[in-house]
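Q: Questions regarding the structure given below will be posed in turn.
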Amino acid sequence: MARCLVIVESPAKVKTIKKFLGSNYVVMASNGHVRDLPKSQMGVDVQQDYEPKYITIRGKGEILSNLRKEVKKADKIYLATDPDREGEAISWHLSKALKLEGKKVYRISFNEITKNAVRESLKHAREIDMDLVDAQQARRVLDRVVGYRISPLLWAKVKRGLSAGRVQSVALRLIADREEEINSFIPEEYWTLDAKLKVKGEKKPLTAKLYGTEKEKITVSSQEEMDGILKRLKGQKFSVDSIKRGERTKKPPVPFTTSTLQQEASKALNFATSKTMRIAQQLYEGVDIKGNGTIGLITYLRTDSTRVSKEAEAAVRAYVGATYGEQYAVSGAGEKEKEKKSVQDAHEAIRPTDVSRTPAMMKDSLSRDQFRLYQLIWKRFVASRMQPAVYETISVKIAGGEYRFQVSASKVTFEGFRLVYTEAGEEKEEKNTLVGNLTEGSVLTEDGFDAKQHFTQPAPHYTEAALVKALEELGIGRPSTYAPTISTILGRRYVAKENKNLYLTEMGEVVNTIMKQSFPTIVDVNFTANMESLLDGVAEGKVKWKTIIENFYPDLDKAVQKAEEEQEQVKIEDEKTDVICELCGRNMVIKYGPHGRFLACPGFPECKNTKPYLEKIGVLCPVCGKEVVLRKTRKGRKYFGCENNPECEFMSWQKPSEKACPRCGSYMVEKGNKLLCSDNKCGYVETMENHKNI
């Protein structure tokens, strides 16, 4: 029989796939890419039609040597790298590095590592799709010219070791813009009013919320307004004005894509995007299942499609019907999401390879994190092919003089998909058994009012999950790029992560400012999204990949040259301070490191003394009277604290003012051009101009 060589990317797949093929198949791994652009130079000849220069990646010589030996023995070579653009490019690079011209070479791909999928792929072997390869080449070259032209500028203007990237710079800008929005946000006061109402024959009072008047909904913006409403409500009779009953349904969720899996794993399991992808990769490549050997448990993890194969569709419908009852199973295909135009439908959604392998059955063979992620994927997929949940709803309007109060309640009448799965953070349904005892015209007795002051809140800081969602909605990057992008801006310390939230660091602020000033196009969201559309055009064979580079590079080159001439130096010189080095007596200087500024002895290397730099802001601590200084958290986020810390525990995320609040006496903080009282219950605000004139 013919000797066949199958080349996959990951060694973890070798063991899994070997089981599915006969003894005349040899399975080997390339360990990812074998060729790439050189690290020591840009590797793109801008004078010669932007031709990329590929070299063998260091450390891959032995792998290629072993593969060449097997190539000589093989009658057929199957390139079975991942089923995406990156995988297609790896197959092409392998064909070049192994000099497979003239050999019987076939490209095969599968969305799941199962016996049927692998064997079926051999029946549909094809040639390498050069459109997909060119789309990956275009992305790689674009990212390389941006990084290798702009990064040296950052080294010269700020410090060595910094980097700029086509997608990472846009992600950084999104975080910076959100931080600016939060810092300039001015809270607005509003009030809510709950009425406690006694229902005849019931011990527990009913809570109704103020809705408005008979004619319109109202917003209460001050205590004076609320006092007026309470005055007019005094002594009023309350009665049920109207009761509306209804029914609503909640559709089941669609199966996971890469971005929705990353988002839900972050919210439900507290996984970083990089951790989600690492564990999903393990589940895809294969896990040793007791009594069954190595098995791939989920389909391919880099996808933006919610499509499900007919076989998987039939299997999950049968499973739901047999396990939960036919009333829970959908009769046809599950609820379909409207696919975006950019979706590559070559892949399926992320789902279990075999729905009958329940999480409980797999638990003993998986690590804790593998089990939790597999369970999340399994439940979501099964729920996606179940009936909607059905709720009975009731809305009661209660009249109190000219005002109207409202009570809403709902209860589940049919669990549907919720029997298996509910999304993280989903609010519990309202339950109010008293509502069912009311009829129109029922008279209620007032048992007190609860008026509460509130302030509007700014948009929240981005979390990894929220940033992935924003990148996807804006059309920036691909499923394979979300996790590496976030890892890069965290690794470069442009962004700090605290309690899931992403905060801009001082270094990130400097880099973002330079990018916005000198390279506005690159950090423009619409431009970057349009570039993704062009790359999709290359993959579809509609656009030549070098045309994109030809149109992009000249403008980038001009922008870099202009920035080299005009961009001011941001590098911070060694500024002398009055802090004396206790080791050698010299005046310590301010230096700039990966975490921001710090104090260092100018006698280095003879004296290596360093200490944190505490920048005074000219405001006295409202707690102990000593100086307030600018500090940083361990991860680089700025805050204001007392120089007498830890004896004094004062801290503020906003810059404190020397002025006290004229209403309550608390310290004020600066936000944009406003001064706000630090006590949220007070809510006093004034403009900075007023403050300066005092």
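Q: Explain nothing, just compute: Karplus ³J(HN,Hα) = 6.51 cos²θ - 1.76 cosθ + 1.60, θ = phi - 60°, for every residue of region 22-32 in order, whole Hz, x for Gly and Pro.
A: So the J values, rounded to whole Hz, are x, 5, 7, 9, 9, 10, 9, 10, 8, 6, x.
Q: As I understand it, the dipole of the chain uses +1 on the Cβ of Lys and Arg and -1 on the Cβ of Asp and Glu, about the Cα centre. Which of GLN567, LEU100, MET515 lies farthest toward its positive end?
A: About the Cα centre, the residue reaching furthest to the positive side is LEU100.
Q: Where does each of SER222, SER480, SER331 land when they are ordered by accessible area, with a 1.4 Å probe and the largest first? Mind showing how you got there, number by number?
A: Values: SER222 25, SER480 50, SER331 115 Å².
The most accessible residue leads, giving SER331, SER480, SER222.
Q: Right, another one. With every protein chain kept in the model, how would you rank THR528, THR456, THR481, THR422 by accessible area, 1.4 Å probe, largest at the top? If you can, show how the numbers build up before the last one.
A: Numbers: THR528 0, THR456 50, THR481 25, THR422 70 Å².
Solvent-accessible surface, decreasing: THR422, THR456, THR481, THR528.
Q: With every protein chain left in place and a probe of 1.4 Å, what is the accessible surface of LYS659, to the nearest 10 Å²?
A: Using a 1.4 Å probe on the heavy atoms, I get roughly 40 Å².
Q: Let's test the formula: R0 of 60 Å, r as the Cβ-Cβ distance of THR323 and SER222. What FRET efficiency results, to the nearest 0.05?
A: Numbers: r = 57 Å, r/R0 = 0.94.
The calculated FRET efficiency here is 0.60.
Q: Could I ask something else about it? When the chain is fully extended, how far beyond the present Cα-Cα distance does GLN457 get from SER666, taking 0.36 nm per residue of separation?
A: Working it through step by step, the gained length comes to 73.2 nm.
Q: Using 1/(1 + (r/R0)^6) with R0 = 56 angstrom and r between the beta carbons of CYS648 and SER242, what's the FRET efficiency to the nearest 0.05?
A: Values: r = 58 Å, r/R0 = 1.03.
Once the sixth-power term is evaluated, E becomes 0.45.
Q: Next question. With θ set to phi - 60° and the Karplus curve 6.51 cos²θ - 1.76 cosθ + 1.60, what are the ³J(HN,Hα) couplings of region 506-519 in order, to the nearest whole Hz, using x for Gly and Pro?
A: So the J values, rounded to whole Hz, are 4, 5, x, 5, 5, 5, 4, 4, 5, 4, 5, 6, 9, 9.
Q: Follow-up question, since we're still on this one. Can you give me the long-range amide H partners of GLU188? Hydrogens built in the peptide plane at 1.01 Å from N, cutoff under 5 Å, separation of 5 or more residues or another chain.
A: Amide H to amide H, under 5 Å and 5 or more residues apart or across chains, GLU188 pairs with THR456.
Q: Right, something else. Which residue, ASN24, GLN41, THR56, has the largest displacement toward the positive end of the dipole of region 1-67 when charges sit on each Cβ (Lys, Arg +1; Asp, Glu -1)?
A: Working it through, the farthest residue towards the positive pole turns out to be ASN24.
Q: Continuing with this model, one more query. Could you list which residues have their amide H under 5 Å from that of LYS671, counting only those 5 or more apart in sequence or on another chain, with H placed in the peptide plane?
A: Placed amide hydrogens put LEU676 under 5 Å from LYS671.
Q: Turning to a different aspect of this structure: How big is the gap, in Å, between the Cα center of region 508-530 and the Cα center of region 593-665?
A: 31
Q: Also: Enter the accessible area of GLU568 (Å², nearest 10), with the probe set to 1.4 Å and all protein chains included.
A: Roughly 140 Å² of GLU568 is accessible to a 1.4 Å probe.
Q: Between LYS53 and LYS363, what length in nm is gained on full extension when 0.36 nm per residue of separation is reduced by their alpha carbon distance?
A: Full extension of this stretch gives 106.9 nm more.
Q: Given a 1.4 Å probe and the protein chains all in place, what does the accessible area of ARG245 round to, in Å² to the nearest 10?
A: 140
Q: Set Lys and Arg Cβ to +1 and Asp and Glu Cβ to -1, take the dipole of the chain about its Cα centre, and tell me which of LEU269, LEU504, ALA138 lies farthest positive.
A: Value computed over the given set: LEU269.
Q: In sequence order, what are the phi-derived ³J(HN,Hα) couplings for region 220-230 according to the Karplus relation 6.51 cos²θ - 1.76 cosθ + 1.60 with θ = phi - 60°, rounded to whole Hz, with x for glycine and proline?
A: 9, 10, 8, 5, 4, 5, 5, 4, x, 5, 4
Q: Also: How big is the dipole moment of region 411-520 about its Cα centre under a simple scheme where the beta carbon of each Lys and Arg is +1, that of each Asp and Glu is -1, and everything else is neutral? Debye, nearest 20, please.
A: 720
Q: Given a 1.4 angstrom probe, what's the average accessible area per residue across the chain, in square angstrom? Provide the component values of the computation, followed by the final result.
A: Values: 34860 Å² over 694 residues.
Computed with neighbouring chains in place, this is 50 Å² per residue.
Q: Now, a different point. Can you figure out the FRET efficiency of ASN183 with LYS19, using R₀ = 56 Å and their beta-carbon distance, to the nearest 0.05?
A: 0.45
Q: So, in nm, how far is label THR610 from label PHE449 when the simple model puts each one 7 Å beyond its Cα toward the Cβ?
A: Each label point is offset 7 Å from its Cα along the Cβ direction, giving 6.1 nm.
Q: Another one. State, to one decimal in nm, how far the label point of VAL579 lies from the label point of LYS542, with both points 7 Å from Cα in the Cβ direction.
A: About 5.8 nm, to one decimal.
Q: For n ≥ 4 DSSP H runs only, could you compute -39500 (n - 2.57) per run for the chain, divide by its residues and tell me the 222 nm figure to the nearest 500? Please report the intermediate quantities before stating the final value.
A: Values: 18 runs with 236 residues, N = 694.
Mean residue ellipticity, 222 nm, calculated: -11000 deg cm²/dmol.
Q: Can you pull the one-decimal nm distance between simple spin-label points at GLN406 and ASP557, each 7 Å off the Cα toward Cβ?
A: Result for the modelled spin labels: 6.2 nm.
Q: Right, here's the next one. Can you tell me how much longer the chain between SER40 and ARG68 gets when fully stretched, taken as 0.36 nm per residue apart minus their C-alpha distance, in nm with one decimal?
A: Extending this stretch completely gives an extra 7.4 nm.
Q: Follow-up question, since we're still on this one. Using modelled amide H (1.01 Å from N, peptide plane; none on Pro or chain starts), what sits under 5 Å from the amide H of ILE218, excluding residues fewer than 5 places away?
A: Distant-sequence amide H within range of ILE218: GLY212, THR213.
Q: Rounded to the nearest 20 debye, what is the charge dipole size of the chain about its Cα centre when +1 sits on each Lys and Arg Cβ and -1 on each Asp and Glu Cβ? Display every interim value, and only then the final one.
A: Working: 113 positive and 95 negative charges, 464 e Å.
For this selection, approximately 2220 debye.
The values are calculated or read from the model by the stated rules, or taken from the named source; none is laboratory data. Note that the structure is predicted; figures quoted are calculated from it, not measured. Ideal geometry is used to build each Cβ from the backbone, glycine not excepted, and the neighbour counts take in all protein chains shown. In case anyone asks, the SASA skips ligands and DNA or RNA and just uses the protein heavy atoms, side chains included. Shrake-Rupley method; radii C 1.70, N 1.55, O 1.52, S 1.80 Å.
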